[in-house]
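Just below is one structure, and these are the notes that go with it.
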Amino acid sequence: MSNMQNPFEISKGKHVMLLYDKDEERAEAAAHWINQGLEDEQLCIYASVYAYNQLHVSSIANLFTKIENYQSHIDNNNFQIINFKPYYESALTGNLVPFENLKANLEKLLRDRVVQGKENKIIVFADAACCLCENKSFDESEILEKWWQDVHNEWLKNNYHITVICPHPHIILEQSKFDSKSKISNLHDLMIDLNEYDLNQLHTSFGQKNGMRILIVESEPDLMILYAEYLSALDLDVIVASDGNECLSVLKVNDFDIIILDMHLSGIIEAIDVAKEIYQIKPNQRIVLTTTNPLNRTSTIIDTLRVNKEDILVKPFMLSSLLKVIKKK
């Protein structure tokens, strides 16, 4: 097992022990890695004994507000929730059959994602072993973590990229008389102690992490405000323009990572001519186009301009789709 690791650099396909002192810390860490996985287009699974216990800080009722575009990810099966209480109760009696069934299901999900052309990686945040420790069932927790590690080793041999993050209560393990912390930690690839880091950093937004500046060129006031408020809430630096002339004037004195340009601008200059002028001023400028036209009617735009098909959004679209395009390298 490796030594302490930076919590922002969990390797893919690892079995990770996460030491925490407070339930709030565990919940914040879970939200961080779920968001990180979703941003990387991985399938994220929250398998918690407290998933549907609304009185607990780790319940999905409390956690969902911390998950970016929560409902969209649920609807698209990018984020799944498992009630882990029956699994915990089974592990308490030494029966790991439900976990074997979970293993088979995870492997099937991974194979299905490969067939669908999706990212072939999964992150599972699983706290059954944690709850066994909370109730001082250390032997049962050790047995379960050994099972996870054996499964992880099998996944490595089969080239399955499945990361399993298992939280554990630091204080309770330290109080154990049987060196449970050492025994359980040796059954993981990595151990992360949240006491070693500033948890406030887990709140770093996409905009703060990337420092991106975006110009929105949209003639419809309601849409302009909607885009601007949504992206500003992510701490992105946003400037707006309502027509082509204003866009070009702003561009001459500012640099932008992305220009979001609507193809149906009002004003004297048509949007396609605005795009051509943008490339005259900034030849390497990235432009994201929004349009009400179907994609099969935008081939001329793609041929005329240096705009990728993936950088064209057909209205109406979800704001999460806009963010996904922005996040693409």
Added length on full extension, which subtracts the Cα-Cα distance from 0.36 nm per residue, residue 268 to residue 157: 33.7 nm
What is the distance, in nm, between label points placed 7 Å from the Cα along the Cα-to-Cβ direction at residue 75 and at residue 119? 2.0
Note the per residue figure in Å³ for the convex hull of the C-alpha positions in the chain. 148
Surface share of carbon and sulfur [accessible, 1.4 angstrom probe, percent] for the chain: 47
In degrees, nearest 10, range 0 to 90: what is the angle between the Cα axis of helix 97-115 and the longest Cα principal axis of the chain? 20
Which of 283, 86, 167 ends up with the largest GNM mean-square fluctuation for the chain, with Cα atoms connected below 10 Å? 283
Simple spin-label estimate for residue 233/residue 176, 7 Å along Cα→Cβ, in nm, reads 4.2
Can you work out ³J(HN,Hα) from phi for every residue in region 245-259, in order, using Karplus 6.51 cos²θ - 1.76 cosθ + 1.60 and θ = phi - 60°, giving whole Hz and x for Gly and Pro? 4, 5, 4, 5, 5, 5, 5, 5, 10, 9, 10, 10, 6, 9, 10
When the C-alpha atoms of region 15-87 are aligned to their principal axes, what extent does each axis show, in angstrom, from largest down? 30, 23, 22
Give me the percent relative contact order of the chain, please, defined on Cα pairs under 8 angstrom at least 6 residues apart. 18
Amide H to amide H under 5 Å from residue 216: which residues, 5+ apart in sequence or cross-chain, H placed 1.01 Å off N in plane? 239, 240, 241, 260
Want the number for residue 308 to residue 220: 0.36 nm per residue separation, take away the alpha-carbon distance, what's left? 29.3 nm
Can you work out the accessible area per residue across the chain, with the rest of the protein chains kept in place, probe 1.4 Å, in square angstrom? 48
Each label sits 7 Å from Cα toward the beta-carbon; between residue 295 and residue 101 the label points are separated, in nm, by 3.8
Using only the alpha carbon atoms of region 1-138, find the Kirkwood hydrodynamic radius as the inverse mean reciprocal pair distance, in angstroms to one decimal. 15.8
Need one word for region 275-329: rounded, prolate or oblate. Basis is the Cα gyration tensor (sqrt eigenvalues a ≥ b ≥ c); a/c below 1.5 gives rounded, then a/b vs b/c decides. oblate
Looking at the chain as a GNM with Cα springs under 10 Å, which of 291, 65, 93 has the largest mean-square fluctuation? 93
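The values are calculated or read from the model by the stated rules, or taken from the named source; none is laboratory data. Just so it is clear, the model here is predicted, and its values are computed rather than measured. Here Cβ is always computed from backbone atoms with ideal geometry, including for glycine, and neighbour counts include all displayed protein chains. What goes into the accessible areas is simple: the full protein's heavy atoms, side chains included, and nothing from ligands, DNA or RNA. Shrake-Rupley method; radii C 1.70, N 1.55, O 1.52, S 1.80 Å.
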